[in-house]
Amino acid sequence: MSEQSTATAFVPGHVTGFFSAHRTDDPATTGSRGGGLTLSDGVRVRVAAAGTTRVVLDGERVEMEPVGHVLDAFDATAHVTVESDLPVGSGFGVSGAAALGTAYASNTVFDGERSENDLVRLAHVAEVVAGTGLGDVVAQAHGGVPIRVEPGAPGHGVLDGVPTSSRVEYVAFGELSTAEVIEGDTTRLSRAGERALADLRERPTLPHLMWLSRRFAREAGLLVPEVEAVVDAVTDAGGEAAMAMLGRSVFALGTGLSDAGYDPQVCETYPSGAHLERE
């Protein structure tokens with residue numbers, strides 16, 4: 001075991017504006033294509049070697065299946081402390097961040113000697129197997145405004161990005177079950193997501209991504225009334241907003257939500273991906 005018995009990783013949050021689901025027999029090649037934003041509000045994951053595994057999320061002991069899969073890959077047990085700036089289950093990639101942060105920190109604590117791509121692949125597979133996500137991990141490893149061009153973990157997936165940054169505001173109204181959506185019939189949403197991705201690649205700008213995300217939510221049949229009302233209020237006020245996939249949440253550029261009369265959380269796009277913090 002490493003002389004360093006604890007390690008901490010930071011993983012940016014991630015909101016998906018649109019996506020298409022792609023499943024194969026291999027979780028490493030299973031994933032999603034689409035576009036979204038990584039956020040400076042994120043998740044810190046501290047891994048401490050221990051005789052039994054315990055996961056604590058924002059002060060409460062929880063079961064997080066992706067974290068368990070990652071620790072199993074290291075043949076390790078640990079106390080994992082997850083502290084999130086973001087609401088859980090609301091479309092901000094918290095489960096993916098927990099898996100990726102656990103992978104990065106465990107690699108230090110348990111002498112994993114794995115490369116970044118290996119760690120991202122491990123966390124991505126853990127999320128897919130757990131049914132908690134298809135594309136957050138690879139986006140969170142990339143940072144910025146990632147475009148998921150081809151699905152899957154490093155070695156299979158292909159990423160691009162919109163070279164820009166922005167202030168981001170968001171509000172959350174509750175959870176949506178990611179598993180129920182991505183494990184159900186995704187034909188309609190994937191058709192809408194493929195169309196949005198093709199259009200974004202022709203004009204890769206942040207306002208266009210937001211517009212395509214609004215169109216996607218409607219075409220995919222995922223909009224819920226309370227979210228739709230907020231998005232409409234922001235656009236009526238001249239701002240850019242969209243629904244976070246998958247959650248009862250709205251994210252907006254600049255001061256879009258504030259200008260529409262809401263009291264949002266405020267952060268920025270995050271220029272880099274997940275990383276270890278200095279102990």
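At 0.36 nm per residue, and after removing the present C-alpha to C-alpha distance, how many nm does the segment from ASP58 to THR77 gain when stretched out fully?
Numbers: separation 19, 0.36 × 19 = 6.84 nm, distance 1.98 nm.
Roughly 4.9 nm would be gained on extension.
Roughly how many percent of the accessible protein surface of the chain is carbon and sulfur, given a 1.4 Å probe and a whole-percent answer? Before the final figure, lay out each step's value.
Numbers: 5040 of 11440 Å².
Carbon and sulfur: 44 percent of the exposed surface of the chain.
May I ask you to compute the full-extension gain from ARG201 to ARG218, defined as 0.36 nm times their residue separation minus their alpha-carbon distance, rounded to one decimal in nm? Intermediate results must be reported in sequence, preceding the final value.
On the way: separation 17, 0.36 × 17 = 6.12 nm, distance 2.02 nm.
Working it through step by step, the gained length comes to 4.1 nm.
How large, in Å, is segment 128-279 by the Kirkwood hydrodynamic radius built from its alpha-carbon pairs? Let's see the in-between values first.
Numbers: mean 1/r = 0.0613 Å⁻¹.
Taking the inverse mean of 1/r over all distinct Cα pairs, segment 128-279 comes out at 16.3 Å.
Starting at the first residue of segment 186-203, write each ³J(HN,Hα) from the Karplus equation 6.51 cos²θ - 1.76 cosθ + 1.60 with θ = phi - 60°, in whole Hz, x for Gly and Pro.
The phi angles translate into 9, 4, 5, 5, 5, 4, 5, x, 5, 5, 5, 5, 4, 5, 5, 5, 6, 9 Hz.
Trypsin sites (Lys or Arg not before Pro) within segment 3-70: which are DSSP loop residues with at most 10 other Cβ atoms inside 10 Å? If you can, show how the numbers build up before the last one.
Details: sites: ARG23, ARG33, ARG44, ARG46, ARG54, ARG61; in loops: ARG23.
Passing sites in segment 3-70 do not exist.
Kindly write out, for segment 234-248 in residue order, the coupling ³J(HN,Hα) from the Karplus curve 6.51 cos²θ - 1.76 cosθ + 1.60 (θ = phi - 60°), rounded to whole Hz, with x marking Gly and Pro.
With coefficients 6.51, -1.76 and 1.60, one gets 5, 5, 5, 8, x, x, 10, 9, 7, 7, 7, 9, 10, x, 7 Hz.
What's the FRET efficiency of ALA50 with SER272 using the Cβ-Cβ distance as r and R₀ = 30 Å, to the nearest 0.05? The partial results should precede the final answer.
Values: r = 30 Å, r/R0 = 1.00.
It comes to 0.50.
Distance from a point 7 Å along Cα→Cβ of ASP259 to each backbone N in segment 201-222: keep the residues under 15 Å and list them by number.
207-208, 210-211
Could you state how much accessible area ASP58 has, in square angstrom rounded to the nearest 10, with a 1.4 Å probe and all protein chains kept in place?
Roughly 80 Å² of ASP58 is accessible to a 1.4 Å probe.
Once phi is turned into θ = phi - 60°, what whole-Hz ³J(HN,Hα) does the Karplus curve with 6.51, -1.76 and 1.60 give for every residue of segment 106-114, x standing for Gly and Pro?
After applying 6.51 cos²θ - 1.76 cosθ + 1.60, I find 5, 4, 6, 5, 10, 6, x, 6, 9 Hz.
Under 5 Å between amide H atoms, partner at least 5 residues away or on a different chain: which partners does GLY13 have, H built in plane at 1.01 Å?
Amide H neighbours of GLY13, under 5 Å, 5+ apart: LEU39, ASP41, GLY42, VAL43.
The values are calculated or read from the model by the stated rules, or taken from the named source; none is laboratory data. Note that the structure is predicted; figures quoted are calculated from it, not measured. So basically every Cβ, Gly included, is an ideal-geometry build from the backbone, and we count neighbours across all protein chains shown. Heads up: the accessible areas ignore ligands, DNA and RNA and are worked out on the full protein's heavy atoms, side chains in. Shrake-Rupley method; radii C 1.70, N 1.55, O 1.52, S 1.80 Å.
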